[in-house]
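Asks: First, the structure itself, so that you have it in front of you.
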Amino acid sequence: MKKLLLLSLSTLFFISCSSDDDGQPEYVPAAFENGILITNEGPFSGGSGSVTYVSNDYTTVAQNIYKTVNGKSLGNIVQSMGFQGDNAYIVVNNSNKIMIANRYTFESVDSITSGVNNPRYFVESDGNKGYVTNWGDPNDNTDDFVAVLDLRNNTVSTTIPVAFGPEKMVPYNNKVYVAHQGAYGQNNLISVISGSGLEGTITVGDVPNSMVVSGNSLFVLCGGNPNYTGNETAGSLVKIDLSTGQISDTYNFGTTEHPTNLTMDGTNLFYALDGKVFKLNSTSVTLPGSDIIDGSFYALRAKDGLLYATDAKDFASKGSLKIFDLSTNVEIQDFQTGIIPGGIYFND
Amino acid sequence: MKRLNIHIVFGFLLCSVSANAQLDSIQQLPEVMLTDAKLIHYSKGFKLEKLNDSIVERNATSLTETLRYNSSIYFKENGFGMVSSPSFRGTNAQQTAVIWNGININSVFTGQTDFNTISPLSYNEIAIRSGGGGVQYGSGAVGGSIHLNNTYSFHKTDTTEMGLRYGSFTTIAANASTTQASKNNYLNVGVDFISSENDYDFVGKNKKNTHGEFLRFNAKLNQARKLKDGALTWNSEYTYNDRNFSGSLNTMGKDGYKDVAARNLLQLKQEFGAFSTKASFAHLFEQYRYYPNSEKPLFDEGRANTVIGALQSEVFLRKKLRLNAKIEYTLIDAEGDNVGENTRETLAAVVLLNHKIGKDFSYGLNFRKEFLNDFDNPLLFSADAKWKVSEKYSLRINGSKNYRIPTFNDLFWYAGGNTYLQPETSYQVEMGQEFSIGKLKADVAVFYISSEDLIKWIPTTGSVWKPINISETQNYGIEITTSYFVKLGKLHSLDFNANYSYTKAEDLEKEKQLIYVPFHKASGAAQYNFKNFSAYFQGLFNGETYTTTDNSESLDGFNIYNLGVSYVLPKSQNIIIGGRVKNVFNTYYENVAFRPMPSRNFQIFLNFNI
């Protein structure tokens, strides 16, 4: 006890106001190319999200690269990121802004702070246009919109009102397909946007949460309504023929199965369900496919025979990025990330 | 005795190093009666501290501020005046019970009290009871309990007090209360009000606190009537809070919160020889409205009514043995947008015993068993003993088993609520030493708390968060409290008070310190009095706290100092004027990550006593 007292005494005497943040020495490589970028939402309640870099040869890992390079934080809840040319568009949800940085140096280029409201995702289409999904007030199902950005001057040129809960987008053939996952509720639509106008909507299964384009087809993974809604519906995988805009196939899961995180590598589709990752052949779909990896992941991306998966752990500590070899389904790498790693991007 | 010396030296160092907070020795007039007498009679082997009026007045903005500077409790405050939750001995906010005149007033929904919604000026006495109080006070009295008591007396009294305060950030506060007492009747009525724009600077950040306006109104009515061999008492209070929630360093605030609480307590006490019987009836009402956007009329609401009926009988034999048996029935009916409508019934049987052996030793044994509600409620017990070794030195020891029952949010929240939850349980022991050497008083306590089945919300598949009885923690630490008074000649005097605590609170699975539990906290004050003039200097040291469960990120420790002066007008002893400077050195600090606390600020006040 004596030791304890002494210890505390000395602490009292010597503690002064020390500096902020992680306290880890951060390595600053000249460039963040040829690697994987992870967006980390950041801590709840007012904190700042961050971006983690892992080089493709796994020798370099850098945390919080935007702040390291620019000396300022990204903002509260870094939801996602998209790219156009050399620029990364980082969508900061709760701070209502889009931070733009050079994707290879991460030097700040610009930011968009007006014309977005509760922004979620960014995609680029035809070089000069960007699209950002916005929830607006999540308690108001009538104010949701897609902001159309002019990427030459990084301003919002127009907004397109859409059904509630627009989330992820896929650009294809000068059109943008918007999945309406439903914000805090549930929705079941895909909006089709062409230029600055809404061309139409396609009704899919409940809670469309992720999409991939394969050839001329759009696969939409729908989670189904969760049990707590009192109107639980089965998850489904919906295949849309993009030449006609019509649904060509719908594959249903069991009523209590709610899959998420569809990703694709070659002809293989991967998704997450009930603590497992499943693999499907996109050319002959039979559900649920084969389960290949155990684990609950927050984000999944497959590429070139590897599966990248993030673990958000308890959402109140540093997460991790795990990399699996899809030929053996064995974990080959595990890197620490920031808090709540929610997006995986390839920076080649 | 060697150890004692170290403690004393340590206490002095603290005074001089950080010149620290004020904890008053027990100061109570004998004829004043408590509506919750068991706090005194059955807590002999527990650490019980009382804060007197002059101490409360220094930090009267909220109960958060009062306790932050005058106890070892750490507060997580989401920006000044915003939601504030305590950590008492390293436990969480739901494991700290707030007891109003003997009744647990933690929210039915959240299981905790927001300490910024409580006005510290509405009570005659604020007491801090450290350690397990589950037997006496029910769910949530794990780390300790805070007691807000309205006392009464039947001595002729006719006083009216008024106070006005004006401060930085357009902070306006006023309080008025009057007490009229006669041989058979006691009446106390008061109101108290504070409002603030709360637009302080974030020191060195070139930013201001925005959207953090708050307003609090409190009204109270306390009545007592003497009966033949007994008394009838009535306590009533109403509180209204209207706040906008401020943003953080990274966000703009846009939500708002309004809450109402009304509390009524009727007690009838009768003496029959050695027996004393008390029948109590209480009604508590709480209502909150959360506005996701304070500019819009949309809100989420919750309302709860709690009715408590209790009958207790106490026998006091040969001035040695005090035995109390109580039956208490509680009915909660709550309705909320996120929890639906639910009720809970509880029947509790409590037996309390205190036995004095000889002049200097007493021990207590207490048991509580609950019935009716859906959980497997454990039998709670506590045992305590106090031994007055000499005039200068006393020893106390206590051990208890305590619990926290799941809240209505834990059970019924849409989505994720889990009706299969069981109560959290914890065991604890404490040993304390009390020193009284002339004008120097010191208290050294060591404690150990082991908790299991702690309810934690965790993400499940389908991205729904669900509470489960999962985590285990172990807390231990030491608390040191000292006070010293010295008279310098006839006109001058000095008052010192300080406390220090070391708290280790560990998640046993992760083997990490719990978030928002500082290892070190110290506070204290030195006051100088000269004739009608007095001045104090108050300090707070708060050590580093972790903000992530893997202890990868933390908040810096900080030192904050306040200064105050007051002067009693010589021609009229009933008027006191004064001023305070808070955060004298304009220090930047946060006690919740990314939520800066106020810059240097000023306050002037005027008090009348008629």
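Asks: Would you tally the net charge around B:Ile468, using a Cβ to Cβ cut-off of less than 10 Å, leaving B:Ile468 out, and scoring K and R as +1, D and E as -1?
Replies: On the way: positive: B:Lys456, B:Lys466; negative: B:Asp410, B:Asp453.
Residues near B:Ile468 contribute 0 overall.
Asks: While we're looking at this one, here's another question. In the stretch B:279-311, what residues drop by 30 Å² or more of accessible area when the other protein chains are put back, versus the chain on its own? Use 1.4 Å, and skip ligands and nucleic acids.
Replies: B:Pro292, B:Lys296, B:Leu298
Asks: Take the alpha-carbon positions of the protein assembly as shown, form their convex hull, and give its projected area averaged over all directions (one quarter of the hull surface) in nm².
Replies: Details: hull surface 158.8 nm².
Here the figure is 39.7 nm², rounded to one decimal.
Asks: Continuing with the same structure: Once neighbouring chains are kept in place and the probe is 1.4 Å, which whole percent of the accessible area of the protein assembly as shown is contributed by carbon and sulfur?
Replies: Working: 20470 of 38060 Å².
That fraction is 54 percent.
Asks: Also: Any chance you could list P(r) for the stretch B:282-349, counting all Cα-Cα pairs in 10 angstrom bins from zero, rounded to whole %?
Replies: 18, 30, 22, 15, 10, 5, 1
Asks: Here is a further query. Trypsin sites (Lys or Arg not before Pro) within the stretch B:346-400: which are DSSP loop residues with at most 10 other Cβ atoms inside 10 Å? Intermediate results must be reported in sequence, preceding the final value.
Replies: Numbers: sites: B:Lys356, B:Lys359, B:Arg368, B:Lys369, B:Lys386, B:Lys388, B:Lys392, B:Arg396; in loops: B:Lys359, B:Lys392.
Loop-located and lightly packed - B:Lys359.
Asks: Per 10 Å bin, what is the whole-percent P(r) computed from every C-alpha pair distance within chain B?
Replies: Taking every Cα pair in chain B, the percentages come to 3, 16, 28, 29, 18, 5, 0, 0.
Asks: Straight-line reach from B:Lys269: which aspartates and glutamates fall under 17 Å, measuring Cα to Cα and dropping same-chain residues less than 8 apart?
Replies: Straight-line reach from B:Lys269, under 17 Å: B:Glu31, B:Asp36, B:Asp229, B:Glu314, B:Glu328.
Asks: Here is a follow-up. Report the Stokes-Einstein translational diffusion coefficient (µm² s⁻¹, integer) for the stretch B:151-195, Rh taken as the Kirkwood radius over Cα pairs, at 37 °C with viscosity 0.692 mPa s. Numbers along the way, then the final one.
Replies: On the way: Rh = 11.9 Å.
Rounded to a whole number, D works out at 277 µm²/s.
Asks: What FRET efficiency would be calculated for the residue pair B:Lys207, B:Leu563, taking the C-beta separation as r and a Förster radius of 25 Å, to the nearest 0.05?
Replies: Values: r = 26 Å, r/R0 = 1.03.
E(calc), rounded to 0.05, equals 0.45.
Asks: So, one more: Could you estimate the translational diffusion coefficient of the stretch B:388-539 from the Stokes-Einstein equation, with Rh from the Kirkwood formula over C-alpha pairs, at 4 °C and 1.567 mPa s, in whole µm²/s? Walk me through the numbers before you get to the answer.
Replies: On the way: Rh = 19.1 Å.
Estimated diffusion coefficient is 68 µm²/s.
Asks: Taking N as the number of residues in the stretch B:523-577, what value does Rg over Cα atoms divided by 2.2 N^0.38 Å take?
Replies: Working: Rg = 18.9 Å, N = 55, 2.2 N^0.38 = 10.1 Å.
Scaled against compact globular proteins, the figure is 1.87.
Asks: Which residues of the stretch B:234-269 show a drop of at least 30 Å² in accessible area when all protein chains are present, compared with their chain alone (probe radius 1.4 Å, heavy atoms only, ligands and nucleic acids excluded)?
Replies: For the stretch B:234-269, once contacts with the other chains are taken into account, B:Asn250, B:Thr251, B:Lys254 lose 30 Å² or more.
Asks: Roughly how far apart, in whole Å, are the Cα centres of the stretch B:338-374 and the stretch A:82-125?
Replies: Distance between centres, Cα-based: 58 Å.
Asks: Modelled label-to-label distance, A:Ser108 and B:Ser493, 7 Å Cα→beta-carbon offset: nm?
Replies: Label at A:Ser108, label at B:Ser493, 5.7 nm between them.
Asks: Kirkwood Rh and Cα-based Rg: tell me the resulting Rg over Rh for the stretch B:50-131, rounded to two decimals.
Replies: Values: Rg = 11.8 Å, Rh = 12.8 Å.
Ratio value, two decimals: 0.92.
Asks: Take the alpha carbon atoms of the stretch A:248-318, find their center, do the same for the stretch B:88-124, and report the distance between the two centers in whole angstrom.
Replies: Comparing the Cα centres of the stretch A:248-318 and the stretch B:88-124, I get a distance of 46 Å.
Asks: Follow-up question, since we're still on this one. In nm, to one decimal, how far is the B:Ala174 label point from the B:Tyr329 one, both placed 7 Å along Cα→Cβ?
Replies: In this crude label model, B:Ala174 to B:Tyr329 measures out at 4.5 nm.
Asks: Going down the table (B:Lys258/B:Lys510; B:Lys50/B:Lys401; B:Lys183/B:Lys356; B:Lys226/B:Lys258), which pairs top 27 Å between alpha carbons? Mind showing how you got there, number by number?
Replies: Numbers: B:Lys258/B:Lys510 37 Å; B:Lys50/B:Lys401 24 Å; B:Lys183/B:Lys356 32 Å; B:Lys226/B:Lys258 38 Å.
The pairs that break the limit, which is 27 Å between Cα atoms, are B:Lys258/B:Lys510; B:Lys183/B:Lys356; B:Lys226/B:Lys258.
Asks: Give me the summed buried accessible area for the A-B pair, 1.4 Å probe, to the nearest 100 Å².
Replies: Details: alone 15370 and 26160 Å², together 38060 Å².
Accessible area lost upon association: around 3500 Å².
Asks: Also, quick follow-up: For the stretch B:474-610, which semi-axes, largest first and in whole Å, follow from the square roots of 5 times the eigenvalues of its Cα gyration tensor? Can you show the working numbers first?
Replies: Values: eigenvalues 289, 68, 23 Å².
Largest first, the stretch B:474-610 gives 38, 18, 11 Å.
Asks: How big is the C-alpha Rg of the stretch B:244-337 next to the rule-of-thumb value 2.2 N^0.38 Å, as a ratio? If you can, show how the numbers build up before the last one.
Replies: Numbers: Rg = 21.9 Å, N = 94, 2.2 N^0.38 = 12.4 Å.
Ratio of Cα Rg to 2.2 N^0.38 Å: 1.77.
Asks: Also, quick follow-up: State, to one decimal in nm, how far the label point of A:Tyr58 lies from the label point of B:Gln474, with both points 7 Å from Cα in the Cβ direction.
Replies: 3.6
Asks: Quantify how strongly other chains surround peptide B:553-560 by giving the mean number of their Cβ atoms within 10 Å of each of its Cβ atoms.
Replies: Details: counts 12, 5, 1, 7, 6, 3, 4, 0.
Partner-chain Cβ atoms within 10 Å, mean over residues of B:553-560: 5.
Asks: For the stretch B:101-193, just the Cα set please: Rg and Dmax, both in angstrom.
Replies: Looking at the stretch B:101-193, its Cα Rg and Dmax stand at 16.4, 46 Å.
Asks: Which one of A:Gly200, A:Gly182, A:Gly115 has the biggest mean-square fluctuation once chain A is modelled by GNM with Cα springs under 10 Å?
Replies: A:Gly200
Asks: Suppose R0 equals 51 Å; then what is the FRET efficiency for B:Met252 and B:Asp376 from their Cβ-Cβ distance, rounded to the nearest 0.05? Walk me through the intermediate numbers first.
Replies: Working: r = 46 Å, r/R0 = 0.90.
Efficiency at R0 = 51 Å is approximately 0.65.
Asks: Take every Cα-Cα pair in the stretch A:253-302 and report what % of them are more than 14 Å apart.
Replies: 45
Asks: Across the Cα atoms of the stretch B:368-414, what radius of gyration and what greatest pairwise Cα-Cα distance (Dmax) are found, in Å?
Replies: Every Cα atom of the stretch B:368-414 included, Rg and Dmax give 18.0, 58 Å.
Asks: Another question, then. Compute the accessible area per residue over chain A, keeping the other protein chains in place, probe 1.4 Å, unit Å².
Replies: Values: 13640 Å² over 348 residues.
Heavy-atom accessible area per residue stands at 39 Å².
Asks: Quick one: Cα convex hull volume of the stretch B:170-218, Å³ per residue?
Replies: Details: hull volume 3.2 nm³, N = 49.
Hull volume normalised by residue count: 66 Å³.
Asks: Per residue, how much accessible area does chain B show when a 1.4 Å probe rolls over the protein heavy atoms, in square angstrom? Let's see the in-between values first.
Replies: Details: 24420 Å² over 610 residues.
I get 40 Å² per residue for chain B.
Asks: Given a Förster distance of 25 angstrom, what is the FRET efficiency for B:Tyr420 paired with B:Val464, based on the Cβ-Cβ distance and rounded to 0.05? Intermediate values should be presented prior to the final figure.
Replies: Details: r = 15 Å, r/R0 = 0.60.
Here the calculated transfer efficiency is 0.95.
Asks: Next up: Run the helix sum for chain B: -39,500 (n - 2.57) per DSSP H stretch of 4+ residues, divided by residue count, reported at 222 nm to the nearest 500 deg cm²/dmol.
Replies: On the way: 6 runs with 44 residues, N = 610.
After summing the helix terms and dividing by the residues of chain B, the value is -2000 deg cm²/dmol.
Asks: Hey, another quick one. Summarise the long-distance tail of P(r) for chain A by giving the % of C-alpha pairs beyond 33 Å. List each step's numbers first, then the result.
Replies: Values: 17354 of 60378 pairs.
Pairs farther apart than 33 Å: 29 percent.
Asks: Which distance in Å, rounded to a whole number, links the C-alpha centroids of the stretch B:526-600 and the stretch B:424-463?
Replies: Measuring centre to centre over Cα atoms gives 26 Å.
The values are calculated or read from the model by the stated rules, or taken from the named source; none is laboratory data. What you see is a predicted model, and the numbers here were worked out from it, not measured in a lab. Backbone-built Cβ (ideal geometry, glycine too); neighbour counts: all protein chains shown. With ligands, DNA and RNA removed, areas are computed over all heavy atoms of the protein, side chains included. Shrake-Rupley method; radii C 1.70, N 1.55, O 1.52, S 1.80 Å.
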